[in-house]
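The values are calculated or read from the model by the stated rules, or taken from the named source; none is laboratory data. Keep in mind that this is a model prediction, so the values were computed, not measured. Here the Cβ is made from the backbone with ideal geometry for all residues, glycine too, and neighbour counts use every protein chain on show. Remember, those area values only see protein heavy atoms, side chains included, never the ligands or the DNA or RNA. Shrake-Rupley method; radii C 1.70, N 1.55, O 1.52, S 1.80 Å.
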Amino acid sequence: MRYFRLLVLGNGISAYGSYLNMVALNVFVYDATGSALAAGLFMAVRLATSVVSGWVSGRLVSVHDRKRLMVGADLCQAVALLTLLLAPDGTRTGLLYVLAVVTGGCSTLSQVALRSSIPEIVGAEHRVRANGLLVTGRSLAMIAGFASSGVVVAELGYSAAFALDAATFLVSATMLFLLPVRTRAAGDAPGGGSTESSGATRWTVRVMLGTAPLLMAMIAIRAVDGLGSSSHNVALPIYSSSLDPDHPATFISQFWATWAIGNIVAQQVIGRVTKKTGRTPGERAFALGACVMSAGFIVVFSGLPTVPAVIAALVAGAADGFTEIVYVSRLQAAPDDQRGRLFGLSASAENTGFGLGMLVSGALLETFTPLQVVASFHGLAIALCTALLLLLLGRRGTREGDGEETTGRDTSTVPEGQGR
């Protein structure tokens, strides 16, 4: 774990660059083109690339060195940003969409590679704690990135923002390159090319046909969670403006700061519980946590006074962090040679849900209130989680239905004969 803390720091720096990049680039696209359609197209290209990259990344991390892939992903984003920074003004608009492809694809590849590597870096018994540290780091990076982006752009300009973005990726790549960490199970050498790729396709088809139904149900719920997440992200500025038209950013800041605190609390609690009991929460804990998370987000938009609304945001943030840790840890219980494809599939599902939700919720908010839209999307997630809970209760007494495991590796929902 001693090197992993440095990895978390590097990942947090990279995540800060990603969130700063997200805001600065979206504003820059609108300023450069004067078109809301162009800005929307930029976001659409980035999200679409992330969806496609999920499928590709799953195979790449299964056959290539994951550390090199993560370093390469950071370097590619840095080079793309520096290219945009140094390009003549007349060519920048066209390069923006190239940058959208690079950042969308590389960020997904880096995420899939890192999540797949955690059990090998820290040991399977420490993966819950490690995932909690990553969630905390990224939560703090998101708050810092969103909070500082306006100041950086307003005070220093777009060029400084792009240079700072590039620097964060260079720092992250350098730190990761220098860390002596192993990202693949001992004896599993990278390579395998076409044979591994063909095996990946057959395994994915079998999974889709129901050989690992609980994992697929969890991935489906994460996709629907993406719909819910997009709904409250789109609705939040509208709702905040209705609360205080003169200071619309006030409630947004309170919401995200409290949400981040909740994430950190969740990391601390689940780390202590796992260390004390020696058991990792499974499918039932995931479903319950997702229900609480969605219910918390709905309450935030219900028109309560500030204090109860902030408390609801705290609960939603804690449940969000909890489900993230449980979900990632559960997928990491799969054998190393299958883990990358699972996380690739998961990334595609989550990004698809989020992208679709952005489009649909934006359209619905033209007619319906933020509460109605958020309640509809998160209500769907609650319904699916309830169905999963009922299924698990019906299978109580079996190892798979119990949904809990020791801190060692559990392959109960992985197709038989596909282990290492």
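As a check on your grasp of the helix formula, calculate [θ] at 222 nm for the chain: sum -39500 (n - 2.57) over DSSP H runs of n ≥ 4, divide by the residue count, round to the nearest 500. Spell out each step's value before the answer.
Values: 14 runs with 342 residues, N = 420.
Estimated from H runs of four or more residues: -29000 deg cm²/dmol.
Across the stretch 5-20, in residue order, what do the Karplus-derived ³J(HN,Hα) couplings come to in whole Hz, using 6.51 cos²θ - 1.76 cosθ + 1.60 with θ = phi - 60° and x for Gly and Pro?
Residue by residue, the stretch 5-20 yields 4, 5, 5, 4, 4, x, 5, x, 4, 4, 5, 4, x, 5, 6, 4 Hz.
Just the Cα atoms of the stretch 1-93: what Rg and Dmax do they give in Å?
15.9, 48
Of all the accessible heavy-atom surface of the chain, with the other protein chains kept in place and a 1.4 Å probe, what percent is carbon and sulfur?
67
Just to verify a number: FRET efficiency for residue 220 and residue 307, C-beta to C-beta distance, R0 = 56 Å, to 0.05?
Using R0 = 56 Å, I get an efficiency of 0.95.
Provide the per residue accessible area, probe 1.4 Å, for the stretch 285-334, rounded to a whole number of square angstrom.
Working: 1360 Å² over 50 residues.
Value for the stretch 285-334: 27 Å² per residue.
Taking the simple approach of a point 7 Å from Cα along Cα-to-Cβ for both residue 56 and residue 279, what is their distance in nm?
If labels sit at residue 56 and residue 279, their model points lie 4.3 nm apart.
Any idea which of 122, 387, 357 is furthest toward the positive side of the dipole for the chain, if Lys and Arg beta-carbons carry +1 and Asp and Glu beta-carbons -1?
With unit charges placed on the Cβ atoms, the residue in question is 122.
Normalised by the number of residues in the chain, what is the relative contact order in percent for Cα pairs under 8 Å and 6+ residues apart? If you can, show how the numbers build up before the last one.
Numbers: 651 pairs, mean separation 108.6, N = 420.
Relative contact order comes out at 26 percent.
Just add up the charged neighbours of residue 33: K/R +1, D/E -1, any other residue whose Cβ is under 13 Å from the Cβ of residue 33. Mind showing how you got there, number by number?
On the way: positive: 92; negative: 31, 89.
Here the charged neighbours net out to -1.
How much accessible area per residue does the stretch 218-267 have, in Å², with a 1.4 Å probe?
Dividing the accessible area of the stretch 218-267 by its residue count gives 37 Å².
Karplus couplings for the stretch 173-184 from phi (6.51 cos²θ - 1.76 cosθ + 1.60, θ = phi - 60°), rounded to Hz, Gly and Pro as x?
These are the phi-based 3J(HN,Hα) values: 4, 5, 4, 5, 4, 7, 6, x, 10, 9, 10, 9 Hz.
In Å², what does the accessible area per residue of the stretch 88-144 work out to with a 1.4 Å probe? Intermediate values should be presented prior to the final figure.
On the way: 1850 Å² over 57 residues.
Per residue, the stretch 88-144 has 32 Å² of solvent-accessible surface.
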